[in-house]
Structures are given as C-alpha cells and as structure tokens.
Amino acid sequence: MKAFLSVLVVTAILAFLVWQRWEGNGAATGVAGGPEILADREAPLSALSPPEPAPRGESTSAGGATPAPESAPVESAPPAPEPPRAIGRADFAREVAGADPLGAMRLASAGLVAADDSPERDAYLAEVLEASGRLLMSRQASPAASLEYAVASGDTIDRLTKRLKKERGVDVTSEFVLRVNGISDPRRLSVGQKLKIVTAAPSLHVSKSRHRLAYLLGGAIVREYRVGLGKADKTPEGALAIGSRLPTPVWFNAGQMIPYGDPRNILGTRWLGFENKPDMSGFGIHGTNDETTIGLDLSNGCVRMRNRDVEELYDLVPIGTKVTIVR
C-alpha cells in the first residue's frame, strides 16, 4: 500500500512539472503554438523594412561585384581660333621669298581685301599683285599651287580640262590654261607638251562699300577691279556661286529679247550668272557699254564691270566658283 501511494505521489509531481513547463512557453510568446508559428504568421522586422541600397561598386544580382562607372571627364571648351597673323608691307618681301610664298600672299591678301582705300594700301596691293601674278598667272614653277600636265594624243584644250576635273578634281577653264601657258592658238598643242595647271581654287570677293571685286587663287589676291552695283542696295549679299557663263549674252527685258551687240543690250560682252535661289534669281556679273556707271550704284542689282575687265575675269572663273559679297 505504501509503495502504491509513493508511485501516485511521484506521478502527480511529474505531471505538475510537465504542465508548468508547457504553460511557461505559451506565456513567453503570447501566441499559442510557440515561436515556430510566429515565424509563419508575422514577418520579421527586417523583412518589412526597405532593402538597403547596394553599396557603390557592388551588384545586387548574382555574379559578383560590378565596378562603379567612372564619371565622364569634364571637357573644357576648345580654345577660340586665333585670328590670322597679320603681315605688313615691310615683312611681305621677306616672307614671300621664303619657303611658303603662297602662304605669305594669303596673309597679305586677307588684310588687303578688308582694308579701306588709301595710297599706302594701293602701293602694298601692287606689290602683292605683282608677286601673285608671277607665281600663279605665269609659267613660273609653283609646286604648292600647280601641277605639270603632258599633252596626250588626241588632247584638245577642252578635253584636257575635262580630264583634269574628272581624274584629278582640278576645275579650270580652257581660257585660263591658255593664259597661264602663253598659248594664243589652242589648235597648236603638241603631244608631250608640258603645261602648267594651277590647282589653287578660285574665289571672288565683292566689297559693296568700296565698289571693288577681288579675284583670288587659294586665298591669294591676283586681280582687283572697280565695279558698279545695284541702286537702292539691290545687290544681294552673302555666299553665292557662279552658275552660268555666257560669252555673248542676250538680254531679256520686259518680255523682249535684245540680242548681243544691240546698243540697248546693257550686259556688255560677258555674263557670269549667280546660281539662283528661292528668294534670288537673275543676278550676276556682266560688262557694260557705259563705263561711267562703274563705281556707282545704278544697276538693278547686278555687278557691272568694264568690258575689258569682265572679259579677263570670264577667262579665269569656272562654273561653281564661290562668290562672297559683303557690305
């Protein structure tokens, strides 16, 4: 009997201890079922907070760190182009005799084209024109501005200028080649004959305020002419180009066709027409039978020249020649 009572007492004590342990765990969590159930029903704090941004230089995807992109270097603004170096009359003779005579003429010409008329300018211009004419308009060798062409079998002056343009990109008129080489009769070319072909590009510059037209080769002034211009400032300004060449121009006026040689034809002996634009058509450079208009503003917008001057210019200017007209 005592033994049986002892077993009951021990069993009761063990049962009480088990109950106490179970009750203590439930009270600590505040939720029935213990901490494992908590994990299923409530996300931890870290899961509710926004993820920390990945450190610079690290990747949030598998595959390891990715180098941070380098900042693009800050480029400084390019330096402003320096204005062309001025070359005065005192230095011109020395520099034109140096290694780059065309460069010296170009520097001198830039100032002369922009300068106002004066006795000093006229004297300087005469020196530059003499030098440029000798280098570019004669048979004198000028390696930086010309090439040598050997006349081939079957060549005529027109055929060789077309070949030069097609094969070498040199655009010159037949008349210019004849002038430079002192050839008066184009039919007298011989096979193997050496011709000087000037490769410097021509351009024209017209100053309205000074009534001057300059003809340049490679930026070097070679000729300058006095011209007449449009009344009421009708002569257009800006960048233009020669679009047509006519040796004996017909004048169309008020529905009439006035033939070349008619005293009523005001175009003189040559026509160098500007390329037409949507807002500009019918303008160009031409001769005149009334030389008293040279230096005045009396035309309908065209540039007028003495007939002997426009005849020379016509020989020097191919279609496509750039023309700049400034005030």
- [ ] Scan the range 209-228 for residues that are closer than 18 Å to Asn289 by Cβ and part of a strand (DSSP E or B) and report the count.
- [x] 3
Task: Hits in the range 229-244 - residues which are part of a strand (DSSP E or B) and closer than 22 Å to Glu291 by Cβ - done: Leu229, Gly230
Open item on the list: Restricting to the range 300-327, and then to whatever is of a type in the set (S, T, N, Q) and modelled with pLDDT of 95 or more, can you tell me which residue is farthest from Leu216 (Cα to Cα)?
Closed with: Asn307
- [ ] Report yes if some residue within the range 158-173 is at pLDDT 95 or above, out of contact with any strand residue (DSSP E or B) (no Cβ under 7 Å at 6 or more places or on another chain) and crowded, with 18+ Cβ neighbours inside 10 Å; otherwise report no.
- [x] yes
Task: Check on Arg163, without any contact (Cβ under 8 Å) to a residue 40 or more places away in the chain and closer than 20 Å to Tyr215 by Cα - done: no
Open item on the list: Tell me the residue from Arg179, Arg187 that is at pLDDT below 95 and surrounded by fewer than 21 Cβ atoms within 10 Å (Cβ to Cβ), please.
Closed with: Arg187
Task: Among (1) at pLDDT 90 or above; (2) in a loop (DSSP other than H, G, I, E, B); (3) surrounded by 12 or more Cβ atoms within 10 Å (Cβ to Cβ) - the single one Ala99 does not satisfy - done: (3)
Task: Test set (1) among the hydroxyl-bearing types (Ser, Thr, Tyr); (2) more than 21 Å from Leu267 (Cβ to Cβ); (3) surrounded by fewer than 14 Cβ atoms within 10 Å (Cβ to Cβ); (4) free of Cβ contacts under 8 Å to residues at least 60 places away in the same chain - Ser209 fails condition number - done: (4)
Task: Selection within the range 96-153 - β-branched (Val, Ile, Thr) and either within 26 Å of Glu175 (Cβ to Cβ) or touching a strand residue (DSSP E or B) at 6+ places or on another chain (Cβ under 7 Å) (or both) - done: Val113, Val128, Val151
Open item on the list: Any residue at all in the range 173-182 that's of a type in the set (Phe, Trp, Tyr) and assigned to a helix (DSSP H, G or I)?
Closed with: yes
Task: Scan of the range 169-186 for residues that are in contact (Cβ under 8 Å) with a residue 24 or more places away in the chain and not hydrophobic (A, V, I, L, M, F, W, C), ordered by number - done: Asp171, Thr173, Glu175, Arg179, Asn181, Gly182, Pro186
- [ ] Among the residues of the range 113-141, write down those that are assigned to a helix (DSSP H, G or I) and either at positive phi or surrounded by fewer than 18 Cβ atoms within 10 Å (Cβ to Cβ) (or both).
- [x] Ala114, Pro119, Glu120, Arg121, Asp122, Ala123, Ala126, Glu127, Glu130, Gly133, Arg134
Open item on the list: I'd like the full set of residues that are under 12 Å from Thr288 (Cα atoms) and surrounded by fewer than 12 Cβ atoms within 10 Å (Cβ to Cβ), limited to the range 245-261.
Closed with: Gly261
Task: Among the residues listed as Glu75, Glu82, Glu70, Glu127, the single one being modelled with pLDDT of 95 or more and not aliphatic (A, V, I, L, M) - done: Glu127
TODO: Can you tell me which residue within the range 132-169, out of those that are hydrophobic (A, V, I, L, M, F, W, C) and within 29 Å of the chain's Cα centre (by Cα), is farthest from Pro101 (Cα to Cα)?
DONE: Leu164
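The values are calculated or read from the model by the stated rules, or taken from the named source; none is laboratory data. Values in this document were obtained by computation on a predicted structure and should not be read as measured data. A quick note on method: Cβ atoms are made from the backbone with ideal geometry, for glycine too, and the neighbour counts reach across all protein chains shown.
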